[in-house]
Amino acid sequence: MEYKVTINDDATAKLDLTYSPEDIEEAFKKAYIRAAQKVKINGFRQGKAPMEMVVKMLGDSVSDDAVTILLTASINGLYPSLSFKAYK
């Protein structure tokens, strides 16, 4: 992941994040693993279906979760190194 910070004159900052395909793929894997614990697939106990079947059944429906995982990890990792601090 690469990032660029632009600090504006009006006391705001712009944070541009750029992700590699490997970063995105890893986030999707984590999202599928989380979803696999909850999804019910006929013939398997809940959380016990093979990952290939989970991926085939869910497809890109986990993309929102993957983006959330990716952004959360990025912001948590970058926060200590940023020169400005976000207000809570």
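The table that follows gives values for the structure above.
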quantity: All positions within region 1-14 that are without any contact (Cβ under 8 Å) to a residue 24 or more places away in the chain and of a type in the set (A, V, I, L, M, F, W, C); calculated: A11
quantity: Residues (outside any helix (DSSP H, G or I) and open to solvent by less than 80 Å² (accessible area, probe 1.4 Å)) located in region 45-88; calculated: G47, A49, P50, L82, F84, A86
quantity: Hits in region 1-44 - residues which are small (G, A, S), in contact with a strand residue (DSSP E or B) (Cβ under 7 Å, 6 or more places away or on another chain) and not in a strand (DSSP E or B); calculated: none
quantity: Residue list for region 17-39, restricted to those being open to solvent by 60 Å² or more (accessible area, probe 1.4 Å) and within 17 Å of L70 (Cα to Cα); calculated: T18, P21, E22, I24, E25, E26, K29, K30, I33, R34
quantity: Verdict on E52 being at pLDDT 95 or above, out of contact with any helix residue (DSSP H, G or I) (no Cβ under 6 Å at 6 or more places or on another chain) and not polar (S, T, N, Q); calculated: no
quantity: Test: residue in region 18-36 that is touching a helix residue (DSSP H, G or I) at 6+ places or on another chain (Cβ under 7 Å) and in contact (Cβ under 8 Å) with a residue 60 or more places away in the chain; calculated: no
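The values are calculated or read from the model by the stated rules, or taken from the named source; none is laboratory data. Every value quoted in this text rests on a predicted model; they were computed, and no experiment measured them. In this analysis, Cβ positions are derived from the backbone assuming ideal geometry, glycine residues included, and neighbour counts consider all displayed protein chains. Surface accessibility is based on the protein's heavy atoms, side chains included, excluding ligands, DNA and RNA. Shrake-Rupley method; radii C 1.70, N 1.55, O 1.52, S 1.80 Å.
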